Every structure is written in structure tokens, then in C-alpha cells.
Amino acid sequence: MVYAAQWTYYLIVHKKEIDKYGSFENWINYPRDPHYDRDSFEYNLYRHTLAGQYYYLFYRSRNYSEQNAFIWSAISSFAFEFTIETVTERPSYQDLYQTPVFGTVLGVGVEKLSNYLHKTDIWPGHLLGYILNPFTLLPPTSDLIGTVQIHSNQVAVRIAWEFE
């Protein structure tokens, strides 16, 4: 779901850049040549932190642990940088760590604030809780699509869909 949403967002929001700079050749060659981009500090810090926050909050809404939500946020960030964005530009080193790391830090705080606001007895609190974390509108699930388990020196990734 996250990957499909990333493609949809990029194709809609960056249509002009795709038309002007995009190519299948970029998509093949750019992933082999990451770099430090020249985006402004504010752009890198704010936009990527917000994107990472939404990755984190989505995975938390699907009942992923905080650790797994962070790991899948990082995987989502890598997938975006090395497949989707490469249509128009090379992957960026700073985006690879800023998006999941800063996004998770912000996401933890937003999740706590949103949960607190949902526990209040006033409708403006509930509304603000939904605005801060729109993923609380999704129906709850116990179906984990992917989990990551870390044991001493091994990492195990489980991708599955559980049916009732």
C-alpha cells in the first residue's frame, strides 16, 4: 500500500519534472550512483521528516511495533529513493537516513499526542487527533504484512498475509 501511494504521489505531484527530466534510462542508471543532493536544508529537514512521520504512523496503525515501524519506514524510504525518485534524480544519501530517523522521532511524538487527544472527551480534541494522525481513521488490524526480527547477529524478515 505504501509503495503504491508513493508512486501515485510522485506521478501526480512531480508531473512537470517527470516530463522534463524523467526517463527510463535514469530509472536504470541513477540507482547505481547515489549522491548528496543540493536541496535546501529546510526542504530536506521538513519534507523528508514529514514523509517519514507518515510512513511510521501508517505502520504503527497496522499494529507494527515501534521498532518494526521504524525498520519498515526505512525500507519505504529506500524503495522510494532507489526506484520511484530515480525516474528524475539520483538517490540522496541524506534522504535515506533523514526520512526514517527524523520521521520516526516526530512520529513517536505525534502518535502519543494523537492518542492523548483521542482520549479527551471533547470533539475538537478528537478532530485534532485525526488531523495529526489520519491513519487512526483506518480500521484496526492484527494482520501483519511484514515483520522484522533481530536476533543477536541475524535479521529475519517475514512477509505474509494472515487470513481469518
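The values are calculated or read from the model by the stated rules, or taken from the named source; none is laboratory data. Nothing here was measured: the structure is a model prediction, and the numbers come from that model. Cβ sites come from the backbone with ideal geometry, for glycine too, and all protein chains shown count toward neighbours. These accessible areas exclude ligands, DNA and RNA; they are computed on the full protein's heavy atoms, side chains included. Shrake-Rupley method; radii C 1.70, N 1.55, O 1.52, S 1.80 Å.
Things to note:
- Calculated FRET value between residue 23 and residue 119, using beta carbons and R₀ = 45 Å, to 0.05: 0.35
- Rel. contact order, % - alpha carbon contacts under 8 angstrom, at least six apart, the chain: 25
- Residue order for 90, 47, 32 - accessible surface, 1.4 angstrom probe, largest first: 32, 47, 90
- Theoretical FRET efficiency, 1/(1+(r/R0)^6), r = Cβ-Cβ of residue 97 and residue 138, R0 35 Å, to 0.05: 0.80
- The figure for residue 42 is an accessible area of roughly 100 square angstrom, using a 1.4 Å probe on the protein chains alone.
- Taking all protein chains as shown and a probe of 1.4 angstrom, residue 28 keeps an accessible surface of around 70 Å².
- Of the solvent-accessible surface of the chain, computed with a 1.4 Å probe and all protein chains present, 64% belongs to carbon and sulfur.
- Exposure rank, largest accessible area first [65, 92; 1.4 Å]: 65, 92
- Given R0 = 22 Å, the distance between the Cβ atoms of residue 82 and residue 50 translates into a calculated FRET efficiency of 0.60.
- One decimal place: the segment residue 41-residue 11 gains 8.4 nm when fully extended, by the rule 0.36 nm per residue minus the C-alpha distance.
- Excluding ligands, DNA and RNA, the accessible surface per residue across the stretch 1-126 is 59 Å² with a 1.4 Å probe.
- Inter-part distance where the stretch 124-141 and the stretch 55-78 are each reduced to a Cα centre, Å: 17
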